[in-house]
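Below is one structure; the comments refer to it alone.
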Amino acid sequence: MYTFKDATKEDVDNVMQKAWSAFESYRSFSIKQRAAFMHAIANELTSHASALIPIAMAETHLSESRLQSELTRTVFQLNSYADACEQGNWLDVRIDKVISDRQRPRPDLRKMLIPLGPVIVFGSSNFPFAYSTAGGDTACALAAGCPVIVKAHPAHAQTSEEAASCILKAAKICRMPEGIFTHVHGVSFEVGKELVLHPLTKAVGFTGSLSGGKALFDLATQRKDPIPVFAEMGSINPVYLLPEKLSESALDQAKTYAASINLSVGQFCTNPGLIIGIDGPDLQTFIKNLGEEIKKVSPSPMLHAGIAKSFIANRSKALAQNDVHTVAVSDTRPGENESYPTIASATAQAFMNNPVLHQEVFGPYSLVIKCRDVAEMKSVAEKMEGQLTSTLIATENDIQQNLSLVDKIKDRCGRIILNGVPTGVEVCLSMQHGGPYPATTDSRFTSVGADGIKRFARPVCYQNWPDNLLPDELKDGNPLKIWRTVNNQLTRD
Ligand code: NAP
């Protein structure tokens with residue numbers, strides 16, 4: 001039962017004042033100290049796993065094994081971002097030393113990233129650990145040198161409370177300033193609004209729906225001093241089936257995609273919601289077998305009643321559109337708040353002329369688009385909105401024959417996958433989790449991988465400062481031994 005009280009306007013002001021005074025000291029904590037704090041949070045989460053998992057199971061209906069692996073991933077995120085924080089590559093240090101014997105002498109110029117200030121984090125309902133209270137946004141903001149204020153997701157408020165107490169315990173152990181991390185509750189949108197509009201808020205990290213992310217982005221840009229909102233939102237993750245590969249593997253692809261569509265009851269931002277192929281016997285085989293697989297999947301409880309209600313409403317709306325045909329639904333009828341695994345199909349023309357078919361149906365649902373030929377597939381790719389991922393099921397020959405299609409697909413996504421599934425997002429430096437709008441509000445950044453730290457920092461250039469007054473990161477002797485670009489050469493000297 002939800003028992004938390006919404007934070008008031010006064011509570012929000014109090015929290016932000018404390019976060020600001022924490023920022024005044026935390027901003028100059030060394031990258032080693034910040035990393036130690038993050039490792040301490042990871043340790044606390046690990047040692048509280050037996051309390052965290054059952055609470056999250058009760059609140060989200062996700063399985064024990066799914067939550068256990070999500071918690072392991074969250075701990076890994078914190079530890080690996082802590083290592084990256086200390087390694088210091090994210091600071092993007094550039095040093096151009098003075099040239100005094102030039103006709104117009106060059107001053108001494110040294111640039112690095114510095115923290116933005118207090119960051120508000122909104123987590124999503126489908127990742128109670130990895131994209132929530134102690135998740136990637138919190139880890140990145142702390143690494144950058146920013147205090148964090150988390151607005152707990154009401155769908156897993158108790159899990160959030162438990163994770164917050166791990167962070168606060170780690171803060172105490174590491175002697176962090178009061179206000180370095182705060183956890184506030186709010187069922188009403190007013191709480192989020194107050195947090196985003198508060199003058200001491202300097203950035204926002206959001207994971208969730210397009211409507212939520214866009215609403216918060218609009219609020220932030222309408223402020224007297226607009227602030228960045230890094231919103232990671234919904235995506236339909238198109239999968240393009242190219243002819244040669246499809247003819248080789250239609251049956252295998254159907255099995256693989258049925259599993260991907262149903263992974264975690266379809267409640268992944270990388271769920272393959274759209275599959276595009278060229279009409280003919282191979283696509284028919286694929287559709288028939290995908291349908292057969294889907295019929296075998298039993299409905300399961302969704303994260304919460306609101307998500308289940310939206311799934312049923314969005315699915316019904318999509319299926320009611322002109323020229324959309326239901327291919328298959330689960331043989332078992334769903335119970336209350338359960339999913340209803342579904343595959344539908346439509347022509348490319350129907351898809352291109354109807355914006356409703358471009359919208360995410362969050363849950364186990366996928367629409368197969370039948371194109372006349374590759375030219376029509378290219379037109380579909382051109383009409384596609386920004387996506388987190390796009391996938392090509394293709395042979396090398398398929399790719400070489402269709403390079404301009406590949407370019408169009410690449411223009412509209414952050415990660416382009418070859419012969420795989422979009423579900424499963426590796427946490428590493430080369431990962432890009434973010435794509436053109438509406439997938440995210442700023443496609444230049446990622447929310448997964450240590451490059452995500454850069455979202456909460458900005459460059460500042462020191463001109464003509466004596467060595468003893470410079471931050472350690474920029475000093476001549478490189479006391480932190482970090483990689484820096486000095487006079488255009490990457491070096492640790
Ligand atoms: P959500 O309903 O947008 O909720 C996210 C958070 O934002 C909640 O704390 C919510 O508070 C708050 N919020 C939403 N609308 C708001 C508004 N207008 N004003 C102030 N606060 C607002 O999203 P969700 O249901 O948790 O998550 C499902 C969605 O997340 C799916 O669309 C999925 O694709 C997407 N997702 C994206 C990624 C990614 O990386 N791109 C990852 C995971 C999930 P309330 O609950 O109080 O409304």
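Summary table below
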{"read-out": "Test: residue in region 287-308 that is in contact with a Leu (Cβ under 6 Å, 6 or more places away or on another chain), in a helix (DSSP H, G or I) and without any contact (Cβ under 8 Å) to a residue 40 or more places away in the chain", "value": "yes"}
{"read-out": "Residue check for residue 200: more than 26 Å from residue 414 (Cα to Cα) and not in a helix (DSSP H, G or I)", "value": "yes"}
{"read-out": "Residues within region 251-270 that are within 16 Å of the ligand (Cβ to nearest atom) and either open to solvent by less than 10 Å² (accessible area, probe 1.4 Å) or out of contact with any strand residue (DSSP E or B) (no Cβ under 9 Å at 6 or more places or on another chain) (or both), tallied", "value": "9"}
{"read-out": "Residues (open to solvent by 30 Å² or more (accessible area, probe 1.4 Å) and in a loop (DSSP other than H, G, I, E, B)) located in region 171-182", "value": "174, 175, 178"}
{"read-out": "Matching residues, region 212-244, being in contact (Cβ under 8 Å) with a residue 12 or more places away in the chain, assigned to a helix (DSSP H, G or I) and either surrounded by fewer than 18 Cβ atoms within 10 Å (Cβ to Cβ) or assigned by TED's automatic domain parsing to the domain that holds residue 140 (or both)", "value": "212, 213, 214, 215, 216, 217, 219, 220, 244"}
{"read-out": "Some residue of region 76-83 being outside the structural domain of residue 306 (by TED's automatic domain parsing), of a type in the set (D, E, K, R), in contact (Cβ under 8 Å) with a residue 12 or more places away in the chain and over 30 Å from residue 336 (Cα atoms)", "value": "yes"}
{"read-out": "Of all residues in region 341-378 being buried (at least 21 other Cβ atoms within 10 Å of the Cβ) and among the hydroxyl-bearing types (Ser, Thr, Tyr), the one that is farthest from the ligand (Cβ to nearest atom)", "value": "345"}
{"read-out": "Which listed residue, of 426, 396, 382, is in contact (Cβ under 8 Å) with a residue 24 or more places away in the chain and open to solvent by 30 Å² or more (accessible area, probe 1.4 Å)", "value": "382"}
{"read-out": "Flag if residue 289 is within 16 Å of the ligand (Cβ to nearest atom) and either touching a strand residue (DSSP E or B) at 6+ places or on another chain (Cβ under 9 Å) or open to solvent by less than 50 Å² (accessible area, probe 1.4 Å) (or both)", "value": "no"}
{"read-out": "Filter result (among the aromatic types (Phe, Trp, Tyr) and not in a helix (DSSP H, G or I)) within region 1-43", "value": "2, 4, 29"}
{"read-out": "Pairs, first not assigned by TED's automatic domain parsing to the domain that holds residue 162 in region 181-200, second near the ligand (Cβ under 8 Å from one of its atoms) and modelled with pLDDT under 95, C-beta under 8 Å, six or more apart", "value": "none"}
{"read-out": "Flag if residue 345 is more than 30 Å from residue 308 (Cβ to Cβ) and in the same structural domain as residue 260 (by TED's automatic domain parsing)", "value": "no"}
{"read-out": "Any hit, region 100-109, residues being closer than 17 Å to residue 455 by Cα and either out of contact with any Cys (no Cβ under 7 Å at 6 or more places or on another chain) or hydrophobic (A, V, I, L, M, F, W, C) (or both)", "value": "no"}
{"read-out": "Identity of the residue in region 299-328, in contact with a helix residue (DSSP H, G or I) (Cβ under 6 Å, 6 or more places away or on another chain) and within 16 Å of the ligand (Cβ to nearest atom), that ends up nearest to residue 287 (Cα to Cα)", "value": "302"}
{"read-out": "Subset tally (residues that are open to solvent by 30 Å² or more (accessible area, probe 1.4 Å) and either closer than 30 Å to residue 31 by Cβ or of a type in the set (Phe, Trp, Tyr) (or both)) for region 183-211", "value": "5"}
{"read-out": "Test: residue 140 is open to solvent by less than 40 Å² (accessible area, probe 1.4 Å), within 16 Å of the ligand (Cβ to nearest atom) and either farther than 25 Å from residue 174 by Cα or not in a loop (DSSP other than H, G, I, E, B) (or both)", "value": "yes"}
{"read-out": "Any hit, region 330-339, residues being in contact with a helix residue (DSSP H, G or I) (Cβ under 8 Å, 6 or more places away or on another chain), open to solvent by less than 60 Å² (accessible area, probe 1.4 Å) and under 24 Å from residue 370 (Cα atoms)", "value": "yes"}
{"read-out": "Number of positions in region 95-124 that are open to solvent by 70 Å² or more (accessible area, probe 1.4 Å) and assigned to a strand (DSSP E or B)", "value": "1"}
{"read-out": "Hits in region 32-57 (condition: of a type in the set (A, V, I, L, M) and in contact (Cβ under 8 Å) with a residue 24 or more places away in the chain)", "value": "35, 36, 38, 40, 41, 42, 45, 51, 52, 55, 56"}
{"read-out": "Residue in region 165-177 that is in contact with a Ser or Thr (Cβ under 8 Å, 6 or more places away or on another chain) and farther than 28 Å from residue 61 by Cβ present", "value": "yes"}
{"read-out": "Lone qualifier among 95, 99, 149, 167 - being without any contact (Cβ under 8 Å) to a residue 40 or more places away in the chain and in contact with a strand residue (DSSP E or B) (Cβ under 8 Å, 6 or more places away or on another chain)", "value": "99"}
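Conditions tested, residue by residue: (1) of a type in the set (Lys, Arg); (2) within 15 Å of the ligand (Cβ to nearest atom).
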residue	(1), (2)
154	no, yes
170	no, no
181	no, no
184	no, yes
191	no, yes
201	no, yes
204	no, yes
223	yes, yes
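The values are calculated or read from the model by the stated rules, or taken from the named source; none is laboratory data. Remember, it's a predicted structure, so these values are computed and weren't measured experimentally. Using ideal geometry, Cβ is built from the backbone for each residue, glycine included, and neighbour counts are taken over all protein chains shown. We work out accessible area using only protein heavy atoms, side chains counted, and drop any ligands, DNA or RNA first. Shrake-Rupley method; radii C 1.70, N 1.55, O 1.52, S 1.80 Å.
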